[in-house]
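The values are calculated or read from the model by the stated rules, or taken from the named source; none is laboratory data. Computed from a predicted model, the values in this text were never measured in an experiment. Here the Cβ is made from the backbone with ideal geometry for all residues, glycine too, and neighbour counts use every protein chain on show. The protein model used for the area step is the full one, side chains on, heavy atoms only, and it has no ligands, DNA or RNA in it. Shrake-Rupley method; radii C 1.70, N 1.55, O 1.52, S 1.80 Å.
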Amino acid sequence: QVQLVESGGGLVQPGGSLKLSCATSRNIFSIYNMGWYRQAPGKQRELVAFVHAGGRTNYADSVKDRFTISRDFAKAALYLQMSSLKPEDTAVYYCNAVHLLTPSSEYWGQGTQVTVSS
């Protein structure tokens, strides 16, 4: 019922910046909590940043003050602005949506690769 498509990943040098995008199939922000997760090979998936349906944001300590999550209601798009990137940020980044009142209604994008390397 909800389709999520990430884009914007790529190869970047340490200290560089990238902006990830997540296009949503319909306007869901008012009733869905939105998040960005990442997963590196052999590691557990990690919640990087999320924005509650009401607008409250939260970040993992490892990315706080470097990453910013935002929503564009007009474009129905979720963004993750990443700055001061570090090699440990290398991972596949996934867009996630969870219904505010029905957590079992959860959707994921296909993921976009971010590689931070010299």
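For the chain: lysine pairs with Cα atoms under 22 Å, gap of 8 or more or different chains, count? Display every interim value, and only then the final one.
On the way: K19/K64; K19/K75; K19/K86; K43/K64; K43/K86; K64/K86.
Value for the chain: 6.
Between S84, S70, S62, find the one with the highest GNM mean-square fluctuation for the chain; connect C-alpha pairs within less than 10 Å.
Comparing S84, S70, S62 in the GNM, the peak value goes to S62.
Where does the charge balance sit around Q39 when Lys and Arg score +1, Asp and Glu -1, over other residues with C-beta under 9 Å from its C-beta?
Working: positive: R38, K43, R45; negative: E46.
Net of charged neighbours comes to +2.
Could you pull out the longest piece of the chain with no exposed loop trypsin sites (Lys or Arg not before Pro) in it, calling a site exposed if DSSP puts it outside H, G, I, E, B and it has at most 16 other Cβ atoms within 10 Å?
Details: sites that count: R26, K43, R45, R56, K64, R66, K75.
No qualifying site falls inside 76-118, the longest such stretch.
Summarise the accessible area of the chain (1.4 Å probe, protein heavy atoms) by the percent that is carbon and sulfur. Could the numbers behind the result be given before it?
Numbers: 3000 of 6170 Å².
For the chain, the apolar C and S fraction of the accessible surface comes to 49 percent.
How high is the relative contact order of the chain, in percent, counting Cα pairs under 8 Å that sit 6 or more residues apart?
Dividing the mean separation by the residue count of the chain yields 37 percent.
Are there any chymotrypsin sites (Phe, Trp or Tyr not before Pro) in segment 16-118 that are in a DSSP loop and have at most 16 other Cβ atoms within 10 Å? List them by number. Present the calculation step by step, with values, prior to reporting the outcome.
On the way: sites: F29, Y32, W36, Y37, F50, Y59, F67, F73, Y79, Y93, Y94, Y107, W108; in loops: F29, F73.
Listed in order of number, the matching sites are F73.
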